[in-house]
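Shown next, in C-alpha cells, is the structure this report addresses.
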Amino acid sequence: MRTISRVLLCDAARCALISLFLLALATISAFSQDATKAKPKPHVSYDGPALAFDFPGVKVGVAEYEEGPTGTTVLYFPTPVVAAVDVRGGAPGTINTDGLRLAYDDPVAGVNAIVLSGGSAYGLSAATGVANALKDVITDAGNFDDVAGVSGAIIFDLGDRRFNTITPDEELGRAALASARAGWFPLGARGAGRFAMQGYSGITQHSGQGAAFRQSGDTKVLVVTVNNGGLVVDRKGQVMRCSHPVDGHCGSIADVIAAHLATVGKAKQAQADFGRKQINPQGLTRNTTLTVVLTNKSLPIWALQRLGVQVHNSMARGDQPMAEGDDGDTLFTVTTGKVAGAVINDTDMDDLGMLASETAWDALLASLPQVPPKTPRTNIVVSPKELDSIVASYAFSSDAIAVVRRKGTALEIELTGHTTSSNYLSVGKPARLTPVATDEFEIAGPREDRLHIDRDATGAILGITINPGPWAVQATRR
C-alpha cells in the first residue's frame, strides 16, 4: 500500500508539472499570437509639408505607426558631432544625456544620432534601435572609440488622447534611420510630433513638429522642435490655435494666463465640475517641448552649453507655459564644426544666441499642423430605427469601451472600463451625440469632436471613429 501511494503521489506531481508546462505553453502561444496580430508596421512617407534647407552633415529620417498614431524622428550625423544638452522640465524622459551634460572639451567619441520619439518612456527603445542599426554598419563596433553614440528624448502621447499603447520601438527607430535624407524636415503631425498636442487652461489643440533654418554670413543654424506642451504664441503675443477663434483670432497669451490665474482659487471645484482631474494623469513628460539646435560654427563645450541655455530661455516667448513640474522640456545643441581648440568671443556668442533663438521661434510656429476642415453641418434627421442600429458597445482597446445608448429621441456615448477620461469622452459622464451629416455626429463638449459611423460594403456597422482624418481614434463594434 505504501508503494502504491508513493507511485500515485509521483504520478500526481508529474501530472501537475505537465499541466503547468502546457498552461505556460498555451499562455506564451496566445501572447505571441496577440502580439503578432497587433504588431504595427512602420510607415515612411516623404509627402506633405516640409522644410528644405542647406546644412551639410545632418540627415533627417521619420517613421510612424499609423495604428497609434505615434512616431519617431531621427537626426543622423554621418560624421559624429559634438553635442550638449539642457533639460528644463521636471519630468524628463531621456537617454544617454548625462554624457552630454558632463562632457569634456575634447570628447573621445561624438554623437552619431539624436532620436526624438512619442510613446513616453516606452518610446526610448527607438533610440536603442538606431544604435543597433548603426552597430551593424560600423567597422569594429565593439571598440570603445567606435561605439555608436545615440541620445534621445520622448514626449507623452498616450493616455488622454488615444486608448491603445502602441509606441515607438526598436523597429521604428531602425525604419526612421533607414529613411534619413539630407536637406529635408517634415512639418506638422509627423515623426515624433505625430500625435503631439498643445494646450493650457482648457484649450487643447493638435500640435506637431517644426523646423526652421537661418544663415548669417558663413554661420548656419537649423532648429527642429517637437511641441507637445504649452500654447504656441506669435511674435505679437497672440495665441495661434484655440477651439473657438473670434474673427480668426484666439486672443493674447496674457489674457489666457490672466483668466487662468483668476480661477486658481477655484481650481479644485473646477476640476470636479469638468472632470479635468480625471484627464490629467501623472507620468513622464505629459507636456514637453523637444528641441535640437544645430550650427556649423565651431564651439567649445561650454559655449554649446550656454547656447542651449539661452535658446531654451528664449523659447518661453513662443511656447507658454514651459518647464512645469510634469514637463520634459529638453534641448540639444550640436556643432558640426571641429571643436578642438575652438575659440569664440562674447560678441559672437551673443549674436549666435540671438540668431538661434529667433530660429527656434520660427520652428515653433512651423510645428502647427494643417487641420482638415470638418464636414459641413446639415439639417439631418436620423430615424429611430437607424439610431437603434447604432446602439452598441465599441472597443477602442481591451479596457476602453464606449457605450452608445438611446436617450429619448437621441443618442449618448459614455466611456467605460477605463480608469481615466480622455480628451473626447468622460468616465461616468455621458455626452450627447448630435447628427451633423450622414453617419457623422458631434460629441457634445467644448472640443466639438466628430464621431463617424464606420460601415462595410453592405452597410453593416463595423465600428466608430472619433475625429476621422490625421488623428483618427478608432473603435470596433463588439
With both partners inside the chain, how many of the DSSP beta bridges are antiparallel, as a percent to the nearest 5?
85
Taking the alpha-carbon centroid of each part, what is the distance from the range 352-388 to the range 411-468 in angstrom?
18
Over the range 384-477, equivalent-ellipsoid semi-axes from the Cα gyration tensor in Å
18, 15, 14
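Equivalent ellipsoid semi-axes for the range 153-221, as square roots of 5 times the alpha carbon gyration tensor eigenvalues: give them largest first, rounded to whole Å.
Values: eigenvalues 146, 79, 14 Å².
Calculated on Cα positions only, the semi-axes equal 27, 20, 8 Å.
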Spin-label pair Thr409/Asp350, simplified geometry with 7 Å Cα→Cβ offset, distance in nm:
7.2
Please state the equivalent ellipsoid semi-axes for the range 312-395: what are the square roots of 5 times the Cα gyration tensor eigenvalues, largest first, in whole Å?
53, 16, 13
May I ask you to give the average projected area over all directions of the convex hull of the Cα atoms of the chain, in nm² rounded to one decimal?
32.8
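Just rank Met322, Met354, fewest to most, by other beta-carbon atoms within 10 angstrom. All intermediate terms of the calculation are to be shown ahead of the outcome.
Details: Met322 20, Met354 14.
Least to most surrounded, the residues fall as Met354, Met322.
Treat the count of other C-beta atoms within 10 Å as a stand-in for reagent exposure and order Arg432, Arg235, Arg174 from fewest to most.
Values: Arg432 14, Arg235 11, Arg174 24.
Lowest count first: Arg235, Arg432, Arg174.
Considering only DSSP beta bridges whose two residues both sit in the range 399-459, what percent are antiparallel, to the nearest 5?
Numbers: 18 of 19 bridges.
Roughly 95 percent of the beta bridges in the range 399-459 run antiparallel, per DSSP.
Summing -39500 (n - 2.57) over the DSSP H runs of n ≥ 4 in the chain and dividing by its residue number, what mean residue ellipticity at 222 nm do you reach, to the nearest 500 deg cm²/dmol?
Numbers: 9 runs with 121 residues, N = 478.
Calculated from helices alone, the mean residue ellipticity at 222 nm is -8000 deg cm²/dmol.
Going by C-beta contacts inside 10 Å, put Leu462, Leu222 in order with the fewest on the left. Before the final figure, lay out the partial values.
Numbers: Leu462 14, Leu222 28.
Result, fewest neighbours first: Leu462, Leu222.
Taking a threshold of 22 Å on the Cα-Cα distance, which of the pairs Lys59/Lys338; Lys59/Lys220; Lys59/Lys297; Lys385/Lys429; Lys374/Lys407; Lys385/Lys407 fall above it?
Lys385/Lys429; Lys374/Lys407
Every number here is computed from the coordinates shown, using simple stated rules; none is lab data. The structure presented is a predicted model; accordingly, all values stated were derived computationally and were not measured. No Cβ is skipped: glycine too gets one built from the backbone with ideal geometry, and neighbour counts run over all protein chains shown.
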